[in-house]
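Right, one structure below, let's go through it.
The values are calculated or read from the model by the stated rules, or taken from the named source; none is laboratory data. Since we're looking at a predicted model, the values are computed, not measured. Positions of Cβ are backbone-derived with ideal geometry, glycine not excepted, and every protein chain shown enters the neighbour counts. Remember, those area values only see protein heavy atoms, side chains included, never the ligands or the DNA or RNA. Shrake-Rupley method; radii C 1.70, N 1.55, O 1.52, S 1.80 Å.
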Amino acid sequence: MKKYFLPLIYSLAIISGCGRTDEVNLLADRAFALAKTQYAQMDEALGDGQFPKSTDSEGNLVTSDAGWWCSGFYPGALWYIYEYTGDMTFRELAWKHTRRLAVLKDRDTDHDIGFQINCSYGNGMRLTGDSTDAALYVECARILAGRFTEETGVTKSWNFLRNDWHYPVIIDNMMNLEILTKAAESSGDSSLKDIAVRHARTTLNNHFREDWSCWHLVDYDPETGAVRSKETVQGYTDESSWARGQAWALYGYTMMYRETGMEEFLEAARNIGNMIMDRLPEDGIPYWDFDDPAIPEALKDASAGAIMASAFIELSTLTGDNRYMETARRQLLTLGSDKYLAKPGENAGFLLKHGVGNIPGGTEIDVPLSYADYYFLEALVRYSIISSEE
Ligand code: GLY
């Protein structure tokens, strides 16, 4: 199994801008130059403890506090800017915003602590080797592990209950397993990894349809572990395929194969990836829900496209199957076009336009989203590392 998450920061800084002619490499140079300008501008706009979230209807920056599920993406994107450019200013900025998330060690309301802490502290520790916050990282992983029960075999996504839920688990939760596997490795506590494996297996059994599309939410009986319902929160209908859910599933199972080497997760990732590739439109960016009857007039979701691109690059590396890489290239080149990629000074400091947060909830529709930028930059870093090895 090939691992490429090594601190290749110096080589990346050296290869960037050195006359590489591959279109995606050229896009990476352009996107990271833009990211430096935009993300420095955002730092100036942010108050203490605020994190970029999206824009309002006038195009102004909307922020959140540390508790919002997306708070780790801005520091995480700063880490990718540092990784790609080697610019120490961004390393300092990344630590500044990362360490503002330390307050999360006292919070246990949802599964999102994995996103929040792994994208920020996880990348910081990976790139700098600085272990000052290693204990905090493990402490946060234990918060997520505390949401697991033997009866259900999964970690609970949300404490709030609606629609008669008893123990709701969303497909997005697959993304949060990485903090468990990484904390198991650094702390030597293998029970954290066991929980990640159990969660991924239970989800594999209950979240997927025959065609490898997935339900957004499965509700469990907390006493028996029986499935009570399968439904959507952010998709078109309970039976439709919400594009970002498919993206989380693809990324989550690819990551779990990387972390465990277990073939069942690789097979799942391949099947999900094949389903996605069969149903993507020509430009590679999915409509917000694969089953919205308004297609081709329906909105596309740049965030789902970026998450898929990053996952497809990793899946291609792990399998040697070039179809996944070709799909990722197509997605990245579309995201790098004028339609999606902002010009300097535009888009309230974000990079990508046209993300879809939550259409049924009436929020964040056709806007920039911090996670679209994060996975776009991650995909470009992953692509550049692979190119530099060829
Ligand atoms: N985890 C929430 C979302 O993907 O919108």
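Rolling a 1.4 angstrom probe over the protein chains, ignoring ligands and nucleic acids, what is the accessible area of Met88 in square angstrom, nearest 10?
Near enough 100 Å² of accessible area.
Keeping all protein chains in place and using 1.4 angstrom, which order do Ile143, Ile365, Ile272 fall into by accessible surface area, from largest down?
From most exposed to least exposed: Ile365, Ile143, Ile272.
What does the convex hull of the alpha-carbon atoms of the stretch 25-127 project to on average, in nm²?
Values: hull surface 28.5 nm².
Averaged projected area of the stretch 25-127's Cα convex hull equals 7.1 nm².
Any idea how far the Cα center of the stretch 127-155 sits from the one of the stretch 226-260, in Å?
Here the two parts' Cα centres lie 22 Å apart.
Let me check against my output: what whole-number percent is the relative contact order of the chain, with C-alpha pairs under 8 Å and at least 6 apart?
On the way: 726 pairs, mean separation 69.1, N = 390.
Relative contact order here is 18 percent.
What translational D, rounded to a whole number of µm²/s, comes out for the stretch 114-202 from Stokes-Einstein when the hydrodynamic radius is the Kirkwood one over Cα pairs, at 4 °C and 1.567 mPa s? Before the final figure, lay out each step's value.
Details: Rh = 13.5 Å.
In µm²/s, the coefficient rounds to 96.
At a Förster radius of 41 Å, what calculated FRET efficiency corresponds to the Cβ-Cβ distance of Arg99 and Glu210, to the nearest 0.05? Provide the component values of the computation, followed by the final result.
Working: r = 46 Å, r/R0 = 1.12.
After rounding to 0.05, the efficiency reads 0.35.
When N counts the residues of the chain, how does its alpha-carbon radius of gyration compare numerically with 2.2 N^0.38 Å, as a ratio?
Taking N as the residue count of the chain, the ratio is 0.91.
Quick one: putting +1 on the C-beta of Lys and Arg, -1 on the C-beta of Asp and Glu, what dipole do you get for the stretch 246-364 around its Cα centre, in Debye to the nearest 20? Could the numbers behind the result be given before it?
Numbers: 10 positive and 18 negative charges, 79 e Å.
Computed about the Cα centre, the dipole is about 380 debye.
Tally Lys and Arg at +1 and Asp and Glu at -1 over the other residues with C-beta under 15 Å from the C-beta of His111: what net charge comes out?
On the way: positive: Arg107, Arg142, Arg147, Lys156, Arg198; negative: Asp108, Asp110, Asp112, Asp172, Glu178, Asp219.
Local charge sum for His111: -1.
Classify the stretch 259-390 as rounded, prolate or oblate from the Cα gyration tensor: take a ≥ b ≥ c as the square roots of its eigenvalues, call it rounded if a/c is under 1.5, otherwise prolate when a/b beats b/c and oblate if not.
Working: a/c = 1.94, a/b = 1.33, b/c = 1.46.
Oblate shape, in that a/c is at least 1.5 and b/c is the bigger or equal ratio.
How large is Rg/Rh for the stretch 65-182, to two decimals, with Cα atoms and a Kirkwood Rh? Please list the in-between numbers first.
On the way: Rg = 15.0 Å, Rh = 14.7 Å.
Using Cα coordinates only, the ratio equals 1.02.
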